[in-house]
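In what follows, a structure is listed as structure tokens, so that the remarks can point back to it.
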Amino acid sequence: MNKNNDLSSQASAGEAGDEISLLEIVDFIKKSCKIIVLGSFLGLVCAVGYLVVTPPMYEATAQIRMAQISQINSANPFGAAIEDPTSLISRMQFPTNYSPEVIGACGYQDLPQAALALSKAAKFSIPKGVANVVELKILAPTSQLASSCTQAIFVQISQMQEQLSKTFVEEAKIKLASDNEHIEGARKLITKADQSGSAMSAAYLSARDEITYFLTDREKMIDLINSVKSRGTRLDSPIYASERPVSPKKAISLIAGLAAGFFLGLLFALGRKFIQQSSLSGRLN
């Protein structure tokens with residue numbers, strides 16, 4: 001019986017403690033309501049101030065397809081990219097790849113270390129599921145400036161990839177000249193063999209095989225040279241520039257300011273209550 005009475009008294013004390021705790025919480029909220037509301041209001045004011053001070057930014061997006069060179073290959077009939085997209089992204093992180101014309105088109109000409117600032121502002125990524133394509137995003141104070149900046153960077157990339165293509169073109173031209181020499185030599189040998197009546201000789205058959213091989217190789221070289229002009233760097237679709245600013249985001253900023261003010265007000269109220277209780281317990285002791 002005594003044990004049961006003890007358990008009952010403990011349960012009653014626990015319930016009383018819970019009631020006291022709940023009452024304390026309600027009392028605390030009532031006393032701190034003004035502080036919490038004031039904190040929330042100040043947070044909201046700060047958010048509005050941030051929106052007023054922060055200039056709106058517009059975003060332009062472009063999907064850039066890498067320049068390609070032709071390869072007569074059944075496994076890859078559309079050719080090969082002049083460079084890997086990750087290689088291009090790595091290169092465009094260097095400020096030296098941005099010309100004064102590009103810097104001016106993007107409105108960075110008056111900034112200190114303009115090329116470095118632009119290299120950090122230009123955001124490159126690789127779209128999922130799309131091969132040999134790089135996505136470029138630019139933020140600017142106006143939609144027109146964002147679009148012109150994106151266009152200028154695209155032109156710069158096109159010029160750089162054209163320079164890379166020239167190496168392949170020069171090598172192809174050298175190979176083409178060599179193929180023409182081999183074909184001309186083999187044709188002369190065949191003509192002599194026909195005139196001498198030894199059309200089925202080993203030299204004749206070898207020369208005929210050489211002509212077939214070098215004619216095929218010459219076709220590849222000619223196709224490669226022509227492909228550089230027709231398969232240059234291009235946009236998969238026209239540059240898209242947002243008509244409305246993408247930052248700062250008004251709704252998110254206001255909610256964040258309100259939430260921050262609310263929690264700061266709550267922390268201030270808790271701190272004040274803690275200081276009051278500490279002072280009271282110090283006096284009692």
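Would you please name the residue that is nearest to residue 64 (Cα to Cα), looking only at residues in segment 127-153 that are among the charged types (D, E, K, R) and open to solvent by less than 80 Å² (accessible area, probe 1.4 Å)? Within segment 127-153, the match that is nearest to residue 64 (Cα to Cα) is 135.
Condition check ((1) modelled with pLDDT of 80 or more; (2) under 30 Å from residue 151 (Cα atoms); (3) surrounded by 12 or more Cβ atoms within 10 Å (Cβ to Cβ)) across all residues:
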{"site": "181", "(1), (2), (3)": "yes, no, no"}
{"site": "186", "(1), (2), (3)": "no, no, yes"}
{"site": "223", "(1), (2), (3)": "no, yes, yes"}
{"site": "272", "(1), (2), (3)": "no, no, yes"}
{"site": "276", "(1), (2), (3)": "no, no, no"}
{"site": "279", "(1), (2), (3)": "no, no, no"}
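Residues of segment 114-126 that are of a type outside the set (Lys, Arg) and open to solvent by 20 Å² or more (accessible area, probe 1.4 Å): 115, 116, 117, 121, 124, 125, 126. Go through segment 227-239 and give me each residue that's outside any loop (DSSP other than H, G, I, E, B) and either surrounded by 15 or more Cβ atoms within 10 Å (Cβ to Cβ) or touching a Phe, Trp or Tyr at 6+ places or on another chain (Cβ under 8 Å) (or both). 227, 228, 235 - these are the residues of segment 227-239 that are outside any loop (DSSP other than H, G, I, E, B) and either surrounded by 15 or more Cβ atoms within 10 Å (Cβ to Cβ) or touching a Phe, Trp or Tyr at 6+ places or on another chain (Cβ under 8 Å) (or both).
Kindly list the number of the only condition in (1) among the hydrophobic types (A, V, I, L, M, F, W, C); (2) more than 19 Å from the chain's Cα centre (by Cα); (3) modelled with pLDDT of 85 or more; (4) surrounded by 15 or more Cβ atoms within 10 Å (Cβ to Cβ) that fails for residue 254. Among (1) among the hydrophobic types (A, V, I, L, M, F, W, C); (2) more than 19 Å from the chain's Cα centre (by Cα); (3) modelled with pLDDT of 85 or more; (4) surrounded by 15 or more Cβ atoms within 10 Å (Cβ to Cβ), residue 254 violates only (3). Residues that are in a helix (DSSP H, G or I) and in contact (Cβ under 8 Å) with a residue 12 or more places away in the chain: does segment 124-141 have at least one? No, that holds for no residue. Kindly evaluate residue 111 against the criterion of being in contact (Cβ under 8 Å) with a residue 24 or more places away in the chain and either buried (at least 16 other Cβ atoms within 10 Å of the Cβ) or part of a loop (DSSP other than H, G, I, E, B) (or both). Criteria not met by residue 111.
In summary, residue 192 fulfils each of the numbered conditions (1) at pLDDT below 85; (2) surrounded by 16 or more Cβ atoms within 10 Å (Cβ to Cβ); (3) not hydroxyl-bearing (Ser, Thr, Tyr) with the single exception of condition (2).
Among the residues making up segment 51-83, those that are open to solvent by 30 Å² or more (accessible area, probe 1.4 Å), over 20 Å from residue 219 (Cα atoms) and modelled with pLDDT under 90 are 51, 52, 53, 54, 55, 56, 57. Going by the structure shown, is residue 237 of a type in the set (Gly, Ala, Ser) and either at pLDDT 75 or above or under 19 Å from the mean Cα position of the chain (by Cα) (or both)? The answer is yes for residue 237. Among residues that are at pLDDT 75 or above, open to solvent by 50 Å² or more (accessible area, probe 1.4 Å) and in a loop (DSSP other than H, G, I, E, B), residue 93 is included. Residue count for segment 225-234 satisfying the condition of being in contact with a strand residue (DSSP E or B) (Cβ under 6 Å, 6 or more places away or on another chain) and at pLDDT 80 or above: 1. Inspection of segment 26-42 identifies at least one residue that is among the acidic types (Asp, Glu) and at pLDDT below 75.
The values are calculated or read from the model by the stated rules, or taken from the named source; none is laboratory data. Please read these numbers as outputs of a predicted model, since none were measured by experiment. Virtual Cβ from ideal backbone geometry, glycine too; neighbours counted across all protein chains shown. When the accessible area is computed, the model is the full protein with side chains, heavy atoms only, and any ligands, DNA or RNA have been set aside. Shrake-Rupley method; radii C 1.70, N 1.55, O 1.52, S 1.80 Å.
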